[in-house]
Amino acid sequence: MISTQDWTKSEIDSVMEVAMELKRARAMGKPHAYLQDKVLAMLFFFSSTRTRSSFEAGIAQLGGHGAFIDSTTTQISHGDTAKEIGEIYGRYYDGIAIRQCDWGVGNQYTSDVAAASRVPVLNMQCEVYHPFQILADLLTIIEQKGDPRGKTIAVSYAYASSYQKPLSVPQSLILLMTRYGMNVRLVRPPEFKLMPDIVQQAQDNAKQHGGTLEIMDDMDAGFKDADVVYPKSWGCWLTTEDETESVEIGKKYSDWIADERRMALAKPDAIYMHCLPADRNIEVTDGVIDGPNSVVYDEAENRLHVQKAVMALTMN
Ligand code: CP
């Protein structure tokens, strides 16, 4: 699972069904040790709150073990190649999960490990895709809104000052939600474009599955009558890779914030989503993220259930 595009729609439907079953089993206290004695390598090149914890808790709840590996504690910087990691970890472990988000590096690295590995490789986020976040988002939308078909989601840029974030969340969102027949609005300033081939794939998905993909540059218009709003920051990577320049460009859009005025433009029962972490009161107001329309904690919880589903379906 490097991208949800690697899986058929029916396989992703199965992930949703199994995730709901596992969520119910956990709530009922029913054992579900489908991966007894299996071990997942969790190789991190970048920090994490949710991803590490939900994978580690998830594999333990399935009866297996998660081996947390900080890349700086390995010999990777001394020469171990992606092929060697795939070959060698593939012989020790039953699955290899990787987070490598460096621009122009992470996706290739993860793919190279997968090509050399005899066991499943799970992408815990690269610079292009964040598949497990978006599977959790889909489960949350289904729980909150029922059938996603015909519902409108605003995948919007929002300003943040912390750092130039990857494109992986908005790109994975437009790819998957168009496969579920949603009317997807991609809302961003001109400097914050997504990768053209990803946008093309999302357009193809929409055509095939009865949804739409509309590209907009006005945050208010994006929120208008939306069922789901997902405003978050990402970097202007296709405009510049220079951190200082990107900060200056971002400052032009510091009014791109998810606030109460904008939430009032969406449908009254619209849900506010964010993968977290968020820059509070810069990217989103406390009133919105802590407000009645916010589902961010359910979204974070669902990481656990979808990841357990994919592990159970691939590591057996
Ligand atoms: N949403 C997400 O991937 O969170 P972490 O970066 O904390 O893992």
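The values are calculated or read from the model by the stated rules, or taken from the named source; none is laboratory data. Nothing here was measured: the structure is a model prediction, and the numbers come from that model. Methodologically, a virtual Cβ is constructed for each residue, glycine included, from the backbone with ideal geometry; neighbour enumeration extends over all protein chains shown. SASA here: full protein model, heavy atoms, side chains in, ligands and nucleic acids out. Shrake-Rupley method; radii C 1.70, N 1.55, O 1.52, S 1.80 Å.
Per-structure values
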read-out	value
Among ASN107, ASN302, ASN281, residue whose mean-square fluctuation peaks in a GNM of the chain (springs only between Cα atoms under 10 Å)	ASN281
Rounded to 10°, Cα long-axis angle of helix 296-314 versus longest principal axis of the chain	40 degrees
Projected area, mean over directions - the chain, Cα convex hull, nm²	15.3 nm²
Dipole magnitude (debye, nearest 20) for region 133-299, charges at Cβ of Lys, Arg, Asp, Glu	480 debye
Net charge over other residues, Cβ less than 14 angstrom from the Cβ of SER54 (K, R count +1; D, E count -1)	+2
Restraint check, LYS23/LYS193; LYS224/LYS252; LYS151/LYS252; LYS83/LYS308; LYS9/LYS193, Cα-Cα greater than 29 Å	LYS23/LYS193; LYS151/LYS252
Cα→Cβ-extended label distance, 7 Å offset, between GLN5 and ILE88, nm	3.2 nm
Point-to-point label distance, ASP298-ASP13, nm (Cα→Cβ direction, 7 Å offset)	2.3 nm
Per-peptide average of other Cβ atoms within 10 Å, ordering 15-25, 305-315, 121-131 highest first	121-131, 305-315, 15-25
The chain, helix-only ellipticity at 222 nm - DSSP H runs n ≥ 4, -39,500 (n - 2.57), divided by all residues, nearest 500	-13000 deg cm²/dmol
Rounded to 10°, Cα long-axis angle of helix 196-209 versus longest principal axis of the chain	90 degrees
Peptides ranked, highest mean first, by Cβ atoms within 10 Å: ranges 230-239, 1-10	230-239, 1-10
Per-selection Kirkwood Rh - region 223-305 (Cα, Å, 1 d.p.)	13.9 Å
Normalised contact order of the chain, rounded percent, pairs of Cα under 8 Å and 6 or more residues apart	20 percent
Whole-Hz ³J(HN,Hα) from phi, Karplus 6.51 cos²θ - 1.76 cosθ + 1.60, for region 251-261, glycine and proline x	4, 5, 10, 5, 8, 7, 10, 7, 10, 5, 4
Relative contact order (%) - criterion: Cα under 8 Å, at least six apart; region: region 133-299	28 percent
Most fluctuating residue given options ALA206, ALA154, ALA27, as computed from a GNM of the chain linking Cα atoms under 10 Å	ALA27
Neighbourhood net charge (11 Å Cβ-Cβ; Lys/Arg +1, Asp/Glu -1) for ILE76	-3
Gained length - ASP147 relative to ASP70, 0.36 nm times residue gap less alpha-carbon distance	23.8 nm
Solvent exposure of the chain as accessible area per residue, Å², 1.4 Å probe	41 Å²
Alpha-carbon centroids, region 156-174 and region 195-212: separation in whole Å	19 Å
Crossing angle, helix 131-145 versus the chain [Cα axis fit, 0-90 degrees, rounded to tens]	60 degrees
Ranked by how many other beta carbons lie within 10 Å on average, peptides 242-250, 170-178, 87-95 from highest	170-178, 87-95, 242-250
Region 1-145: relative contact order as a whole-number percent, Cα under 8 Å and 6+ apart	25 percent
Cα gyration tensor shape for region 133-299, rounded if a/c is under 1.5, else prolate or oblate	oblate
Charge context of PRO190, other residues only, Cβ under 12 angstrom, K/R +1, D/E -1	0
Max mean-square fluctuation residue, GNM over the chain, Cα-Cα springs under 10 Å, options THR240, THR51, THR212	THR240
Within the accessible area of the chain (1.4 Å probe), percent carbon and sulfur	49 percent
